[in-house]
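Peer 1: Sharing a structure below in structure tokens format, with a few things to ask.
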Amino acid sequence: MTFDKFLDTVREYQQHHPAQRYGQSVMNVLRSIRPELYDRACAENLDIFYTNDSAEIDATLAWLEQRFSHDPA
């Protein structure tokens, strides 16, 4: 899966779960489709489940984009 497809999936997920924060949606989708990256993100303190901070979200998304491009599943 490409990073762009991942973001599309997050957007779809958010449409079905509008009460969730964006970071929460990102982490839920990530855990579902790439559990190994979810675990790595958590281990690297990049878990954005509970945040609304755009800088933290951007940092995690940048990290994920690199992982998706270097380690596509």
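Peer 1: Which of GLN66, GLN20, ILE48 sits farthest toward the positive end of the charge dipole of the chain, with +1 on the Cβ of Lys and Arg and -1 on the Cβ of Asp and Glu?
Peer 2: With unit charges placed on the Cβ atoms, the residue in question is GLN20.
Peer 1: Now for a separate question. Per DSSP H run of n ≥ 4, the term is -39500 (n - 2.57); total these for the chain, divide by its residue number, and report the mean residue ellipticity at 222 nm rounded to 500 deg cm²/dmol.
Peer 2: Details: 4 runs with 52 residues, N = 73.
Helices in the chain give a 222 nm mean residue ellipticity of -22500 deg cm²/dmol.
Peer 1: Follow-up question, since we're still on this one. Once the principal axes of the Cα atoms of the chain are found, what is the range along each, listed largest first in whole angstroms?
Peer 2: Dimensions of the chain along the principal axes of its Cα atoms: 32, 23, 18 Å.
Peer 1: Ok, one more. If the only charges are +1 at each Lys and Arg Cβ and -1 at each Asp and Glu Cβ, what is the size of the charge dipole of region 14-72 around the Cα centre, to the nearest 20 debye? Walk me through the numbers on the way to the answer.
Peer 2: On the way: 5 positive and 9 negative charges, 45 e Å.
Charge dipole, region 14-72, about its Cα centre: 220 debye, nearest 20.
FYI, it's all coordinate maths here, none of it is from the lab. As the structure is a prediction and not an experimental result, all values here were calculated from the model. Cβ: placed from backbone, ideal geometry, glycine included. Neighbour counts: every protein chain shown.
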